[in-house]
Structures are given as C-alpha cells and as structure tokens.
1. Could you sort K386, K276, K2, K95 by their accessible area in this structure, using a 1.4 Å probe and putting the largest first?
2. For region 251-338, what is the charge dipole size about the Cα centre, in debye to the nearest 20, if Lys and Arg each add +1 at the Cβ and Asp and Glu each add -1 at the Cβ?
3. Put R163, R352 in order of accessible area, largest first, 1.4 Å probe: what do you get?
4. Among the aspartates and glutamates, which fall within straight-line cross-link reach of K41, defined as a Cα-Cα distance under 16 Å, with same-chain neighbours fewer than 8 residues apart omitted?
5. Considering just Cα atoms, how many Å³ per residue does the convex hull of region 168-212 enclose?
6. HN-Hα J couplings of region 273-289 from phi, Karplus 6.51/-1.76/1.60, θ = phi - 60°, integer Hz, Gly and Pro as x?
7. Considering only L154, M173, T199, whose Cα is most displaced toward the positive end of the charge dipole of region 136-209, charges sitting on Cβ of Lys, Arg (+1) and Asp, Glu (-1)?
8. Taking a threshold of 22 Å on the Cα-Cα distance, which of the pairs K2/K130; K16/K130; K218/K386; K16/K386; K247/K293; K218/K247 fall above it?
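The values are calculated or read from the model by the stated rules, or taken from the named source; none is laboratory data. Given the structure is predicted, the values throughout are model-derived calculations rather than measurements. As a convention, Cβ positions derive from the backbone with ideal geometry for all residues, glycine included, and neighbour counts pool all protein chains shown. Only protein heavy atoms, including side chains, enter the accessible area calculation; ligands, DNA and RNA are left aside. Shrake-Rupley method; radii C 1.70, N 1.55, O 1.52, S 1.80 Å.
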Amino acid sequence: MKCNDARTFMSQIAGKSVTVQVQQSDVNFLSTNGYLSVMQKADYDQAAAEVANLTQMNDALQNEMVEERIARAALAKDERKTHSILFHLEGRDEKETEVARVESERGAVAREDADIVEKDARIKELIQKKSAIDRMVPYDGLYLSLTGLGVLTLNDLNVRNYRVSDSDFSDFMEERMETLGELHSIAERGSFQVSNLRTRVLEADFSQLWNVSIGLAKLRADQSQINQRFLLALGTLHHFDSTLDNKMMAAEIITSLSANSSQSSIDNSDLQNLTKTLQSLDHDLRHHAKVPKQISTGVAALVMFGRRYDGTYPTDRFLEFSRMTRSYESAGILSVMNDPSNQLPSKFQAFRSMFGLWGYQTSEDTELASAFLAISDLGPDDVRLKMSIIVTALKNYLEYPLVAAAILTSIPTLEANENLDLMEKAYSQLWSFAIGLERSELVSLSVRMIHGIKNELVEKLDPTAKILKTPVQFTHTPSNIFFGYYAPLIIVHSSYYSTFSGIGGFHPAHVHGFGGGGGFGG
C-alpha cells in the first residue's frame, strides 16, 4: 500500500464518506497495526441498538439520583432523631421500632447507591461505545473508524504527502517510529544527565541543566562517561571570568571534542591541553577583539570548535566578522564555517537587510538569526515564505521567536510544516521528562533537539532524517564518537539572564545562540 493510497483511504474514513476501494489485505494491515478500528455489521447493529436508549437511560439515572438524595436526607433526619434526648425518653418498643426503620432505610439507600454506581458505569460504557460507532463509516460490509494512532498518522501523511506519496506506507511508518524513538532517546538521556548534574552543579537552575543536558544527550557515547567528562571540563573552567552560562557552554563543547577519534571510550587526557587552548583563545579574543570577559569563554570555545585541518583556529575570521556585527556570538558562529568562496559576509548582510525590510530593528536576535541562516545552504529568496510561516507559529509560544525560527528554517530538506511537526514531536517526547519547565522552555529545548538535521547526502530525501547522522560541514569534522551533531549549539532560557553583548536589550522566552542565557543586557 502506497502512502498516498493510505492517506486517501484514511482521510475518507475521517470524513465519513469512503468512495475508494482498497485491498482487504490493506484493511487488515491497517487494523492489525492499530490504525483502524474494524467492526462487523452485525456487531455494529447490536452496538447501535444498545446505545439507542442512552438518552432515556441517562434521564432515568438522573431521576434516580434525585430520589436517592431525598432518601439520604430523610435517613440523616431519622438518624439524628435516634440520637436525640426525646428518643431516649420513649418506650422500649417505640425505640426498637424506630431503630429497625432507620436500619431498613440505611439498607435501601445503600442498595440504591450500588444501583446508581452500576447504572452510571453502564452509561459511561455506552457513551464510549456510541462515540466509537459515531465515528464509524460503512465500507464493504464492515464499519471502520480511525484510532488515535490512525489520526496521528493521517496528520503525518498530510504534512509529508508531497514527499512520500509514492513510498510504501509500511516503510514510511518504520521511519516515523525510528524518528520518534530517536527523539525519545534524546529526551531520556537528557533526563539522565539532569539527574546526575543537579547534585553536582548546584549553582545552575533547572532550565540551565536541561539546556546543557540536551546537548550532552545528543553526543554519541556512553552517557555516564559524557557526564564525567563534562563535569571534569567544567571544573577546569572555574578560574575563568565568564558567566556560568558561558562556562557550561564551553564545557559542553570541550566534552564534544576528542583527542583520538579511533577510541571507543572517552579518554579525558586531552582536557588539560584543551583548557590551555581555550585560555589562550579567551585571552586573544578579549585583547584583540574586545570581547567582554563575561562571554569571552563561550565565544572562545566556539572558535576552538572551528579548529582547521592545519591545526589553526579561525581567529582571523572572527575578527573579520566582529567588525561587521557587534554580536560576538554571531561572529563566532560565522567564523567556524568553511567558506572558501567568501560568500558568508554577503549572505549575512543579505539576511540582515531582509529582517530590516520586515520591520525588525537591529538586535542580538536579528544578528543571531542572520548568522544561523547565513551558514545554511539557503538564501533570502529561499527562506522568506518558509520563515514567515515558522515565525507566525512560534509566536504562540515564544515572545521573541526569531532565532528559533531561523534555526528551524535553516534545515533545507524540510518544509515549514514539516519543521513545525518535527518540533512538536520533540516537544511531546520532552514534556513528560522535563516536568516543571515552562512551555516556552520546552519549545526552545525542542528546537535544540532537532537542530542539525541536514540530509542532502541521502539519495532519497527523507522527511524523517536520521537525527544523529546529519552533519553540517564545518572547517573540521569532530569525532563521531563524541559529537553526533556537527552544528552550533544553542543555549535556551525563558527567564532573563544578562550577558554582555555589544547590542542592548533583553529578550526573555526565546532560543539563544552560543554563549548566553535567554536575554541580553547592555
């Protein structure tokens, strides 16, 4: 069964008017795998007969419940009477008669209560049955309806039909389940990291812990070893002058780098050299590029991440871009890209101009958004419609959605609705693990979960791109063992944390680029 056939058939079932014919084996497949509820005509007729008197049964139950309340009030009155002083003054026979009458009333009320419970349960059962048969549509001697899984699957088919219409439905569902499984695995590993970091990084809040934990969860190595390496890396940065956000981000980048990519386990012997390199870059950026000390460690880590094949670091490119933008993080993002044709400066300027034409004033958000888009394969003409759709959608969740929208837009092989659908799936996997975070924080983390998807090397474009196998081409390729996503990381917060950008203004509730919290302070 092809995806387009499944979509058409399921859409008509949802619309309660089936005109297409499919193979019985396809109906059996959809039913067996939980996408369809199937009922024989005789069973449907019997169920319809059972629910036919549902209204009358409910009315009768309401009347019985009124009568029960009256009887219970009368019982309470008689019970109070048996405890009164006057009752004790009555004769023995009168008292025994009164007590027997109260006991009889109590038994009657108990029986009526039990009858009400039984009838209420039966009515609820019939309501569920009526809801089920109301959704059913006749088809070839059967009655069919979509299950909850069927409704979700139809939504996925509607989103991706233009891409997968000729694919086998079973292949599509297998890929879909793999994607959901990968997202769930990232969320689960993130929860593991948070649990281990909470007692070790006491100065970090829950949002900060989750942000770095999602980044660590996306690294493809033993999570216990990753946790240990991160804590060791963070410990080596205690004497740096930057904020906690920047130290955590730098420690995460150090965690992702390996001295020997051929090793199957993490060797932490390189941490001392990496820390020395970071310290040297931190010093150079502070003195030559005037990067404030509060964020210099994070920016230096980003530049270190862009180590070239010849062993040098793109400090020259950083200086070039820092003269174009006062956003040091944006300059860092741009500097790590391999750009032999030197197109990045003009692309960056083109996106800045686009946001200006959209009415945005220059801010850290517009600079970061322009940087993320500039390092993608897309140009302004390619992203205008796509990004406007995503920005509009994210405004429902984020007060400042521009950077998050730019990150989603930069995924070249997914359309706007596919991006948003994948983000929603990431959100659905996260919320049960990250209990206590605000919705805006969960949305931001969801963007971080799926950031890095890029599958132009796959022969057939796959809307369920393997999340951990999607490299973005930088000037160097970090070890596969440690860094599954070759893309800039993003730091998320929904509350205001001041960092020291060259651009003023604080932006709560949005995704933030390398090296800071959820906002910026001048």
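1. Sorted descending by solvent-accessible area, the residues read K276, K2, K95, K386.
2. Taking the Cα centre of region 251-338 as origin, the dipole is about 340 debye.
3. R352, R163
4. E50, D134, D140
5. Per-residue hull volume (Cα only) is 51 Å³.
6. With the stated coefficients, region 273-289 comes to 5, 5, 5, 5, 4, 4, 4, 5, 5, 4, 5, 5, 5, 5, 8, 9, 10 Hz.
7. The one lying farthest along the dipole's positive direction is T199.
8. K2/K130; K218/K386; K16/K386
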